[in-house]
Structures are given as structure tokens and as C-alpha cells.
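Beneath this line is the structure, given in C-alpha cells, with notes to follow.
The values are calculated or read from the model by the stated rules, or taken from the named source; none is laboratory data. Being a predicted model, the structure only gives us computed values, none of them experimental. Cβ: placed from backbone, ideal geometry, glycine included. Neighbour counts: every protein chain shown. Side chains are part of the model used for accessible areas, which takes the heavy atoms of the whole protein and leaves out ligands, DNA and RNA. Shrake-Rupley method; radii C 1.70, N 1.55, O 1.52, S 1.80 Å.
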Amino acid sequence: MKPFLKQIDENGERWLLLFFYTTIVITIAMEVLRRFVFSYSSIWGEEVARYAFIYLAWVGASAAVKERAHIRIDVLLHYLPNRGKAAIYLFGDICTLIVALFALYWSLHPIDISLKFGSVTHGLGISQAWFLAAVPLGFSLMIFRLGQSMYRDIKSLTQNTPVFEGNKLFD
């Protein structure tokens with residue numbers, strides 16, 4: 001069981017991102033073929049692609065928290081010692097955690113309203129709550145990854161080891 005959980009921890013977001021990206025590409029390609037070759041299009045194709053893109057964005061935000069890949073200005077961090085970097089990253093993680101907790105709380109309200117009034121999507125005819133759940137799912141994953149990041153930063157802070165700064169896009 002441990003190797004399976006380790007694989008999910010290491011690659012869970014990647015698998016989800018691959019699934020949602022593939023869904024978008026296949027759905028749009030199929031709809032383009034149907035529209036321009038068969039002169040027929042469906043109402044559900046656009047919805048599937050749109051909602052897969054929404055899930056892709058929120059799961060991608062969690063993956064970016066895990067990899068410390070969000071955009072940041074870190075010029076001054078290069079001049080700080082290991083503990084200073086760890087403290088700054090920990091402060092940033094705490095601030096992000098506070099925002100994510102508030103956002104998670106407030107993103108649950110639309111799902112509750114959708115379930116209460118039974119709103120459904122126009123094309124697919126399924127509960128709107130399934131697609132509104134992308135936001136709290138994304139924030140929940142981000143909170144989990146922030147917890148891991150804070151643990152890693154506290155460890156770097158107490159042991160005075162180099163802090164994980166994420167992968168560099170440009171050097």
C-alpha cells in the first residue's frame with residue numbers, strides 16, 4: 001500500500017492533469033471533426049471541454065504549489081542564508097495557507113446552493129455541483145501541498161539546510 005500512496009503523492013496531480021488535458025484535446029478534436037466534416041455539433045462537447053479546463057487549472061495550481069512553480073520575485077532571496085530563505089518561504093506558505101483556507105470555506109457555498117436548488121448543466125444535464133467542486137478540490141489539494149511544503153521549510157529552518165526553491169524556468 002505504501003508504494004501506491006507514494007506514487008499518488010509524487011505523481012497524482014500529473015495523472016489528473018494528463019487526464020483532463022487529454023479529455024480537452026479529444027473532445028475539441030471530435031467536435032471540430034463533427035462540425036466541419038459532418039455538419040453536426042453537440043451541445044455537450046463544449047461543456048465537457050470547458051469543465052475539464054476548469055479542473056485542469058485548479059489541479060495545476062496544486063501541482064505548482066508542490067513544485068514551487070508559481071511566479072515570484074526572488075532576487076533578494078539569493079543573498080540570504082539558508083535559514084533566512086527558509087523563513088521567507090515559510091512565511092509565504094503561511095500567507096498562502098490562510099488565503100486557501102478562506103477560499104476553501106467560501107467555495108463550498110455555491111455547491112450547497114446548487115445541491116439545494118438542483119441546478120443542472122445545459123448540455124450534459126448533470127448536477128452543476130460536480131463542476132463547482134473543482135474549486136474546493138483545487139484549494140484542498142493546495143492546502144495539502146502547503147502542509148508538505150511547510151514541513152519541508154521547517155525542517156530546513158531548524159537544520160540549517162538548503163531550502164527547496166523549486167525548479168527554475170530560466171537561469
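Candidate values [x] 1.08; [y] 0.96; [z] 1.04 were compared with Rg/Rh (Cα atoms, Kirkwood Rh) computed on the shown model; the agreeing label is [x]. When the range 37-85 is described by a simple charge dipole with +1 on each Lys and Arg Cβ and -1 on each Asp and Glu Cβ, the residue from G60, N82, F38 located farthest towards its positive end is N82.
Using helices alone, I'd like the mean residue ellipticity at 222 nm for the chain: each DSSP H run of four-plus residues gives -39500 (n - 2.57), total over residue count, nearest 500. The partial results should precede the final answer.
Numbers: 5 runs with 125 residues, N = 171.
It lands at -26000 deg cm²/dmol.
Loop-resident trypsin sites (Lys or Arg not before Pro) (DSSP state other than H, G, I, E or B) in the range 63-165 with no more than 16 further Cβ atoms inside 10 Å of their Cβ: R72. Of the accessible area of the chain, with the probe set at 1.4 angstrom, what percent is carbon plus sulfur? With neighbouring chains kept in place, the figure for the chain is 72 percent. The range 1-51 and the range 62-107 have their alpha-carbon centroids 30 Å apart. Annotation note: chymotrypsin sites (Phe, Trp or Tyr not before Pro) in the range 95-171 located in DSSP loop regions with a Cβ neighbour count of at most 14 within 10 Å are F170.
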